[in-house]
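Accompanying notes for the structure given below.
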Amino acid sequence: MAKAETMILDKAGIARAITRIAHEILEYNKGCENLALIGIRTGGDHLASLIQSGINGIEGGEVPLGTVDITMYRDDLAVRGNLPIGKTEIPFPLDGKHVVLVDDVLYTGRTIRSAMDALMDFGRPSTIQLAVLIDRGHRELPIRADYVGRNVPTAREEDVEVVFNEEKTPVEVRLIKP
Amino acid sequence: MSFQHKHILGIEQLSSEDIQMILDTGDAFKEVNTRDIKKVPTLRGKTIINAFFEASTRTRLSFEIAGKRLSADTVNISGSTSSVVKGETLEDTAKNIEAMAPDIIVIRHGHSGSAHYLAERVDCSIINAGDGAHEHPSQALLDLMTIREHKGSIEGLEVAIVGDITHSRVVRSNIYALSKMGAKVRLCGPGTMLPIGIERLGNVEVFTDMRDAIQDADVVMMLRIQMERQSNIMLPSLREYARFYGLNPTNVQLAKPDAIVMHPGPINRGVEISSVVADGVQNVILDQVENGVAVRMALLYLVSGVESMQTK
């Protein structure tokens, strides 16, 4: 059976959502002092770098940027077997920082749980906030996003895909029905 | 493509894709070793037995630290303190270990083929940490990781390995690994320590004059003279050996200016390598030890993933 795909956000829509998130982050944190962005591989890291340039364009300050790979912290490794492990790069101390975790799609919340565990192993941030491009619901853990690009009601059997081009810029968000 | 090997018995069974995956995974795990909190929960609840029936400091410590950093429970048994001294056979010892339900057994044993022998007889994963003069896969993998780190890639490199080729399991694993990754291996040692036909194991050329072997090499790997496996017939004297087959400040200059000097350890200073070279700027001996932990974390992780998929 052919899969039905619907476009939820186009390139301009994504860019506007990211700009708004950058403004909201600055508003909530009253500037970019002690702010840090950490993107979750893969997808969140590209978005985090776009939010970083967004913040840079507004305030002119360079917010430190890191990436985290959560494979080592997954709770389903026993079922998933050996997934490839990517690199975690957090080249600055997290102690006392207001860390904004960035991911493309928020779904069960398990990825975010793993990412928070990973961050705690690197230091003690003052706060951890969560920014996502898409919140598709169906949480399995008590986790919510502070900054959301777009809320998309979905069914569990559907899939949300954020498409990146070769320059790692998000060009489209699709809802895929089985 | 995912990793499919439940056991790591030798490099011979691995493809270049497998080796690439192990090295990439090792690179990712290396970051954990630089953190303040050097521990990730990846293998929580797994039990790893390090069964070392032969002396070892580096390899055993390295496997133990690798397991602990992945949150597995690691238990060590050694030959001299186990029931082996009471006459228990290897198979019986292994069956008894297996009855306590470990997930991985890391074994070092003086007999070639002992890891294969166990893999056919127990259900858990087996990782060969050195079997006789056969293979020492984790050593070759950490060597490759170190070479790749310093040289960018392995393909096309000229790697000279000098020393007791006959008794060295490190050499056999390295011949397979380097050949599979596209490097050329130059072997050199006294005639008594060069087995006939060794060149058939891979992309190998054999030299008897050390100066020819290390001329313009990208990597010079020195092997330890294994005093414990030596009879007097092999070597007239250590001094003579050091003179003809030892790496010193003079002959090391024959290699490329940016060549790296490697040694699997433990080193016999003044025999196969002079102290000046062993501590010199070209040496990467301690990088090898550092990468050993990362590469063993990768092996434990990959093997354990295959194991848990198969029991499903």
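The values are calculated or read from the model by the stated rules, or taken from the named source; none is laboratory data. Because the structure is a prediction, the values reported are computed rather than measured. All Cβ positions, even for glycine, are placed from backbone atoms using ideal geometry, and neighbour counts span all protein chains on display. Only protein heavy atoms, including side chains, enter the accessible area calculation; ligands, DNA and RNA are left aside. Shrake-Rupley method; radii C 1.70, N 1.55, O 1.52, S 1.80 Å.
Classified by the C-alpha gyration tensor, the stretch B:170-221 has an oblate form. Its axis ratio a/c, with a ≥ b ≥ c, is 1.5 or above, and a/b does not exceed b/c. Amide H contacts for B:G132 (H built 1.01 Å from N in the peptide plane; partners 5 or more residues away or on another chain; cut-off under 5 Å): B:H109, B:G110, B:H111, B:S112. Just check the stretch A:1-70 against the gyration tensor rule for me: Cα atoms, a ≥ b ≥ c as the square roots of the eigenvalues, rounded for a/c under 1.5, and otherwise prolate or oblate depending on whether a/b exceeds b/c. Note, shape of the stretch A:1-70 comes out oblate.
Extending 7 Å from Cα along the Cβ direction at A:I58 and again at A:R139 yields two label points whose distance is 2.3 nm. The angle between the Cα long axis of helix B:285-310 and the longest principal axis of the Cα atoms of chain B comes to about 30 degrees, rounded to the nearest 10.
Other residues whose C-beta falls under 9 angstrom from the C-beta of B:S304 contribute a net charge of -1, scoring Lys and Arg +1 and Asp and Glu -1. The HN-Hα couplings worked out from phi for the stretch A:139-149 by the Karplus form 6.51 cos²θ - 1.76 cosθ + 1.60 (θ = phi - 60°) are 5, 10, 9, x, 10, 9, 8, 8, 10, 10, x Hz, whole numbers, x standing for Gly and Pro. A cut-off of 5 Å between modelled amide H atoms, ignoring neighbours fewer than 5 places along the same chain, links B:N283 with B:V261. Peptide B:251-261 shows a mean partner chain C-beta count of 0 within 10 Å per residue C-beta.
With respect to chain B, whose longest principal axis is taken over its alpha-carbon atoms, helix B:90-99 is tilted by about 40°. Estimated purely from DSSP H runs of n ≥ 4, each contributing -39500 (n - 2.57), the mean residue ellipticity at 222 nm for chain A is -9000 deg cm²/dmol once divided by its residues. Packing, taken as the mean count of other beta carbons within 10 Å per residue, orders the peptides B:212-221, B:78-87, B:146-155, A:27-36 from highest to lowest as B:212-221, B:146-155, A:27-36, B:78-87. For chain B, the longest principal axis of the Cα atoms and the long axis of helix B:16-30 meet at an angle of about 80 degrees.
Between A:A15 and A:V79, the contour length at 0.36 nm per residue exceeds the alpha carbon distance by 19.4 nm.
Taking each residue of B:301-308 in turn, how many C-beta atoms of other protein chains fall within 10 Å of its C-beta, and what is the average?
Average neighbour count from other chains, rounded to a whole number: 4.
Peptide A:71-82 shows a mean partner chain C-beta count of 6 within 10 Å per residue C-beta. Dipole check for chain B: with +1 at the C-beta of Lys and Arg, -1 at the C-beta of Asp and Glu, and the Cα centre as origin, the magnitude is about 540 Debye. For the stretch B:27-121, a crude dipole built from +1 on the beta carbon of Lys and Arg and -1 on the beta carbon of Asp and Glu, taken about the Cα centre, is about 400 debye to the nearest 20.
Lys and Arg at +1, Asp and Glu at -1: add these up for the other residues within a Cβ distance under 12 Å of A:V100 and post the number. Write down the numbers at each step before the final one.
Details: positive: A:K97; negative: A:E24, A:D103, A:D146.
Neighbourhood net charge equals -2.
I need the calculated FRET efficiency for the pair B:N248 and B:E155, taking r as the beta carbon distance and R₀ as 30 Å, to the nearest 0.05. After rounding to 0.05, the efficiency reads 0.50. Under 27 Å Cα to Cα from B:K256, which lysines show up? Leave out anything in the same chain fewer than 8 places away. The qualifying lysines are B:K151, B:K180, B:K184. Note: relative contact order over the stretch B:93-241, using C-alpha pairs below 8 Å and six or more positions apart, is 19 percent. Measuring between alpha carbons in the structure, the pairs from A:K87/A:K168; A:K97/B:K30; B:K6/B:K30; B:K46/B:K95; A:K168/B:K6 lying more than 28 angstrom apart are A:K168/B:K6.
Each Lys or Arg adds one and each Asp or Glu subtracts one; over the other residues with Cβ under 13 Å from the Cβ of B:L238, this totals +1.
When peptides A:11-20, B:32-41 are sorted by average Cβ neighbour count within 10 Å, with the highest value leading, the order is A:11-20, B:32-41. Each of B:L157, B:V295, B:I175 was scored by the projection of its Cα onto the charge dipole of the protein assembly as shown, and the greatest displacement toward the positive side belongs to B:V295; charges sit on the C-beta of Lys, Arg, Asp and Glu.
When each of the peptides A:97-104, A:113-120 is scored by the mean number of other C-beta atoms lying within 10 Å of its residues, the order from highest to lowest reads A:97-104, A:113-120. The accessible-area ordering, largest first, of the residues B:S112, B:S304 stands as B:S112, B:S304, per a 1.4 angstrom probe.
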